[in-house]
Structures are given as structure tokens and as C-alpha cells.
1. Compute, for the chain, the length of the dipole vector about the Cα centre, with Cβ point charges of +1 (Lys, Arg) and -1 (Asp, Glu) only. Units Debye, rounded to 20.
2. For residue 381, list long-range residues whose amide hydrogen, built 1.01 Å from N in the peptide plane, is under 5 Å from its own amide hydrogen.
3. Using 5 Å bins from zero, what percent of all Cα-Cα pairs in region 1-69 falls into each bin?
4. If I compute solvent accessible area with a 1.4 Å probe over the protein chains, what percent of it on the chain is carbon and sulfur?
5. Rounded, prolate or oblate: which fits region 290-337 when a ≥ b ≥ c are the square roots of the eigenvalues of the alpha-carbon gyration tensor, with rounded for a/c under 1.5 and prolate only if a/b beats b/c?
6. Hey, what's the chain come to in accessible area per residue, 1.4 Å probe, Å²?
7. Using just the helices of the chain, give the 222 nm mean residue ellipticity in deg cm²/dmol: DSSP H runs with n ≥ 4 each add -39,500 (n - 2.57), and the total is spread over all residues, rounded to 500.
8. To the nearest 20 debye, what charge dipole does region 1-132 have about its Cα centre, counting +1 at the Cβ of each Lys and Arg and -1 at the Cβ of each Asp and Glu?
Amino acid sequence: MMLFFHAVESAPLPRYLSAISQLTWTAIDLFFVLSGFLIGGILLDARDSPNYFKTFYIHRSYRVLPLYALTLAMFWLLFCLTNLKSRNEAFRWLFADPAPWYSFVTITQNFAMTYRGTLGPGFLGVSWSLAVEEQFYLTLPILIRYLKPRQLPYVLAALIVAAPLIRIVLRLYYVHGDLGGYILLPCRADALLLGVSAAVLMRNEKSQQFLIRNKNMLYGILLVLACGMLWMVLKPAGLRAGFDTEQARAMVQSTESVSSWRWLALYARTARASLNYTWIDSFYLCILLIAVNHKSSAISRILRSRVLLMFGTISYAAYYFHQPLLGLFYGFMKGRVPHITSLSDLALTIAALSVTVALASLSWLYLERPLLQRGHRHKYGSKKIEPSQSESEPVTLLGLVTERTLEESGTP
């Protein structure tokens, strides 16, 4: 979905087709919901493990850091070899004006990007989502380890509610609040923690049985959410727009008297734009709950197709490779940024994406999978038996099934 979005986002498509194609960028929300579900499941199953933190971070490091380091190395090598003063627009788009190098090393580039008001060069622009994910890895394990099971749902609910409120405040009071609301962890916590909440539900027998018995309820909710998604994409302004940012900021900073009705309209538009993200996240959460609880459903069967499983396996590398390859193909062949205006542009885009899939497959076979296998030599330990426990009480090995499912799916 993201590859398709970046390939056709500037193509001259008919209005309604262009509007519907905007749904493909919401794949990043699907990723966050899925990541919260899988990472949350691993941590919930292993919460009592004596080597909980060590094993989790070893597994995550082997999965995420090598490919990320390779991407950074390729960027800085090509950056040093590229003449950014040339007339080649594609190379300037790929390499010009990156965020400070230390923000990429510390994986805090989403904060640097928000401060600067730009995602920076196309080569590394997509890495903001990795920063969100890594910061999520630093916070969620602490919550799950130290909160009591009965406290966790309340804390998750509070943080989910806080996320759209933070987006509203940023959009009204910070000059780059629109971007910050999209790429900062506190602003995307609703997507991630809705996924974690689903993992909590699936580990409670009563709630899981409720979801299994009430299939029609899930489909009804999904229909309502889908109608909302369709309404958003068919608006002329597009899915991510919800209000005039400059007008809103001018009203907030104005020293002149503003009518209460204008303030009410401003906050209503701002809230709607912020809640759009939570609506999208809820849509994907509903699909996830149907897929895992109703294996015979059409949704579940489609999502288990071999083609989607293949793309899921190579998704991490494909996500990082596709923008650089699109830029390099257009740079060498056209001398301009990727933009489909003719059949030759379409053929060039297809060629770049084909090479992306091929290189991502090689990355999985010869880099990512071998490192994952090495990382999985480290296992979560079993819960220690207290002296007061019966000697016959079983000790369960924790986290193995969910962890294996996550790693085999290729999700970073």
C-alpha cells in the first residue's frame, strides 16, 4: 500500500480515483496497530520472565538495527558522491538538507523533523516511523512489566484518549504541529495502544469468546468505520486535511477579539482533523479482530493469501528501499523527481518497484533471516517458582508462539 501511494501520489488520476488512492497511505496506521498487537502480545506473554528486558531488546536489535544501519551507510556514501548543486532534481530530492546526523544515530529524527518542519530528503524521510517504533519499544515494556494486570487497561485507555488531544494542541499552538501530530510517538500512541489493547483482549477468555460470538457486531462496526473512511477520502481537500492551518494559527495568536462562534468552529474543525487518525486506527483494529477471531471469514482468508504473506515477509526492506530506488531511477533516466505523466514514466516506476521487491527479497534471505535466527538463540526464561508454590504446579515457557509469529511475518 505504501509503495503504491508513493508511486502514484503525484500522478494525474481522476478526482475520485485519486481520492480513494489516498487510503493507501493509511497503511502506516495499519502497521502501528499490527505492531502494537504483536509487540504487546510478546511482552504480555513474557512479562514474568527473569530475562524479560534483555531478551526483548536482543530480539528487536537483531530485527531492526542491521538493515537500518545499512540504509544510513548507503545514504551517507551516496550523499558524499552526489553533486547537490547540479540540475538533477531527483538527486536533490533524495539527499538535500538532511536532519542532523546524530538524530538518525539516536533514532530521534522524528523530533528533529518536527522542529525543522520537514521530513527531509526522500532517501530517509520514511525513517520517522522507525523512530516512533523504537521509542515505543522503550516505553511499552516498562508499562507491561511494572503495571498490575488490572491497571494496564485503564492506563492504555487514558493514553489512547490523550493522543488526539495532544494532536489538537500541537496543531493549534505549534508552528509545525501538523507534521508533529503525524510523526511523534505521543501523537500516534492511539494506533499503537489500540493494538496492545487487542492483545490484552485476546488473552482474556471472556472477551475473546465475546468477540467470537458477536461476529455480526464486528461487521456492523466495520461497516460504520468504512463509511467514515469513504467520507474522508471523497472530501475535495483530501484525507489528511481538516481545517485551514494558517487561519487556525492566526486566530490563536491574534490579539483582536474573536467571536465565540469562530472559536467553536475552529476547535471543531481541529478536533475532527485529529480524530480522523483515531477513526482510521479503529477501522484497522476492527479488521484485525475479525481476522484473528473468525478464521473462516473472507477477510481472514484474503489476509492469509500467499502474495500478502510474501510482501509481509519482505516489508521492512521494501519500505526502506522503494523511495531511494524510485529517486535513483528517475534521477538517472529523467533527471527529475518521481512523477508519472506518461507511459514511459509508468514503465520506469514499475521497473523501480520490481527492483525494490527483488532487493528486499535478497535482504530477507541473506541478511535479515540469518540475523533473526541468531537473535532467537536468546530465549525468554520461564517464570520462577516461589517456595510456597506446589512442586507439581506447571511452569509455562513464555512468549514463544507470538514471538515466532512476529518474526516470521517480517514486521520490524
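The values are calculated or read from the model by the stated rules, or taken from the named source; none is laboratory data. Predicted, not measured: the structure shown is a model, and the values here were computed from it. FYI the Cβ positions are ideal-geometry reconstructions off the backbone, even for glycines, and counts take in every protein chain you see. The area values use the complete protein model at the heavy-atom level, side chains included, leaving out ligands, DNA and RNA. Shrake-Rupley method; radii C 1.70, N 1.55, O 1.52, S 1.80 Å.
1. 320
2. 51
3. 3, 13, 15, 15, 14, 11, 9, 8, 6, 4, 1, 0
4. Reported share for carbon and sulfur atoms: 66 percent.
5. Prolate shape, in that a/c is at least 1.5 and a/b is the bigger ratio.
6. I get 50 Å² per residue for the chain.
7. One gets -23000 deg cm²/dmol as the mean residue ellipticity at 222 nm.
8. 240
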